[in-house]
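First up is the structure itself, then whatever we jot down about it.
The values are calculated or read from the model by the stated rules, or taken from the named source; none is laboratory data. These numbers were taken from a predicted model, which means no experiment stands behind them. Here the Cβ positions follow ideal geometry from the backbone for every residue, glycine too, while neighbour counts run over all protein chains shown.
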C-alpha cells in the first residue's frame, strides 16, 4: 500500500493589514472559518473586506446575508475606501437568504436548498470565497442542538465538494456562556475560529481580535487590538524585534546650532530622543525645529500631535518664527492631529503604524507621547511607546518624542520610563527668580555622545528658540533679567576696557612718534657731523699735499739736501 503524501493546508491571503501575519499567511483554503463576537465588533466589515481584497486579486466571491439584503449590505458599507459597490455584480455576488418567521423553532428547516443555490452561483461565477453573514439567524430557526449540529456538518461537508473557502459570522460573545444551546457548537465545527471583542478601557472601548483555533497550521494566539477606519480593518502586529538595530554614525542637526554644539555635532541618525518638561517649556517648539531641519534636508517627517490639530500647530508655531507650511505643502512633512482620549492607546498605535507604512518617513515625531496615558492608563501607554520605539529602531528611523514631566514618584510616569530606554534625553524646565519664570535646557543623557553638562537658558522670540550665553555669578547661573543686567554690565566693562585701551594705545603711539622724531633729528645731526669730518679730512689732505709741493720747489731753488727734516712731508703732530 502506497504511503499517502501529506500536504499542508493551503492559505488564502486576506489582504487585511496585520491579520495575515497573525494567521501565518492567511485563512485556510476550502475550509470553514468562523468570525464570532458581540454586536458591533466589526464581524461583517472584516468579512466583506476580505472578500473585496480577494476579488481584486482575481478570486471572486459570493456573500449570503441572513440579516441584511444585498442593497442594505452595499449601503451600510459604501463609506469604506475598499469599494464594495465597485465589485458587486462583477466579482462579488450578493444573495439574500432571510429566514421567514414561520420557520423559527419549527425544527424542520434545513440548509440543503440554500446550499444548492449557493453552489449554482459558485459554479456560475467561479467564486473561491463564500461569506455566510449572520449564521446565528439561521441556527435560531432550529429547535434543538442536534438539528443545529446536523446543519453545521452539512455545510462543512458541502465545502469539500464545492472547493471554496467559507467565512461565517455569528453573534456569540463566548461559546461557554450559552449553556446547553446549540450556539456553543459552532466553534467546534469550524476549522478556523477568530474571536472579536469590544473591551472597555476607562471611557473608551478597544476592539481586539484573537485567533482561537486554526487547524492545519500555526498562528499567533495573542489577543491583538484592531481598529475600523475608512480604509478598512487595521490589525496591530506585535513585532518580535531582536535586540539589534540599524547603526549609523551620521550626525543630524536638532534645528538649534547651539544645541548641536552641546551634543558635539548633533543627534545620531536613528536615535530615540526624549524632550521632557512641564507645560509651556517649549517642547513642541524644539520638536518643530527638528522637523523643519529634517524637511529642509529633503527627508520625510511624520509628526503625530495629540490633542491639537495639525493646522493649529502650524499656525501657533508662526508666532515663534517656525514656519512649517512650505514643508507641509511639499509633502515632506505630514502632521496628524489625534484626540488622545477618543480611543485606546492600542488603537492609536495601529493608526500610527499604518501611517508609517503608508508614508515611510525617515523621522517620527510624537508630541506629547505622554498623552497616551489618557487612552487606557500608564501600563498600556508604556507598552505602546515601547513598541513604537522598537519599530523605529528596527527600521533605522529617528524617533523624537516629547513628554510631560511629573513630580510624582520616579518610575511612576511616562517620563521616567522613557528616560531609561531612549538614547538622548533633553530636559527643559523653569527657574523662578527675581519675579520671573525662565526656561532652562540641559542634555541629561546622550548615549555615544560626549555631551555638554551645562545648563543653558532657553529663550523664545520671533526668530524661534535659541540658547543664551552662559553667565555665572557666585556659582549661580544667571537667567532672565539677571542675565540681561550681567550682559549690560559686561558690555559696559568691555566698552570701558576698549576706551582705556584706545587711550593707552594713542599715548604710546604719540611717544613712539616723538621718539622717532628725536631719532630722526639725531640722525640728521650725526650725518652732518660725518660730512663735517669728511670735509676736515679733505682739507687736511689738500694742505699736506700743498706743503709737499711747496717744499719740493723750495729745495730745488736752494739746491738743499732732500733729507732735510725741516721740510718733512709728514703732518705735524
| field | Residue check, residue 40 closer than 26 Å to residue 355 by Cβ, surrounded by fewer than 18 Cβ atoms within 10 Å (Cβ to Cβ), in contact with a strand residue (DSSP E or B) (Cβ under 7 Å, 6 or more places away or on another chain) and at pLDDT below 85 | value | yes
| Quick check: is even one residue across the stretch 298-314 under 30 Å from residue 470 (Cβ atoms), free of Cβ contacts under 8 Å to residues at least 40 places away in the same chain and part of a helix (DSSP H, G or I)? | no
| Do you know which of the residues in the stretch 327-336 that are in contact with a helix residue (DSSP H, G or I) (Cβ under 8 Å, 6 or more places away or on another chain) and in a helix (DSSP H, G or I) is nearest to residue 349 (Cα to Cα)? | 328
| field | Set 394, 355, 419: member being under 22 Å from residue 458 (Cβ atoms), in contact (Cβ under 8 Å) with a residue 24 or more places away in the chain, out of contact with any helix residue (DSSP H, G or I) (no Cβ under 9 Å at 6 or more places or on another chain) and assigned to a helix (DSSP H, G or I) | value | 419
| query | Is there a residue being part of a loop (DSSP other than H, G, I, E, B) and surrounded by fewer than 24 Cβ atoms within 10 Å (Cβ to Cβ) anywhere in the stretch 286-296? | reply | no
| said: Anything in the stretch 20-43 that is out of contact with any helix residue (DSSP H, G or I) (no Cβ under 8 Å at 6 or more places or on another chain) and not in a loop (DSSP other than H, G, I, E, B)? List them, or say none. | reply: 20, 21, 22, 23, 28, 33, 43
| residue 444, sole failed condition from (1) part of a helix (DSSP H, G or I); (2) at pLDDT 85 or above; (3) exposed (fewer than 15 other Cβ atoms within 10 Å of the Cβ) | (1)
| task | Pick out the one residue from 321, 270, 329 that is over 17 Å from the mean Cα position of the chain (by Cα) and touching a residue at least 40 places away in the same chain (Cβ under 8 Å). | result | 321
| field | From the options 62, 74, residue that is at pLDDT 80 or above, in a strand (DSSP E or B) and within 43 Å of the chain's Cα centre (by Cα) | value | 62
| task | For residues that are buried (at least 19 other Cβ atoms within 10 Å of the Cβ) and in contact with a helix residue (DSSP H, G or I) (Cβ under 9 Å, 6 or more places away or on another chain), scanning just the stretch 46-58, find the one that is farthest from residue 231 (Cα to Cα). | result | 55
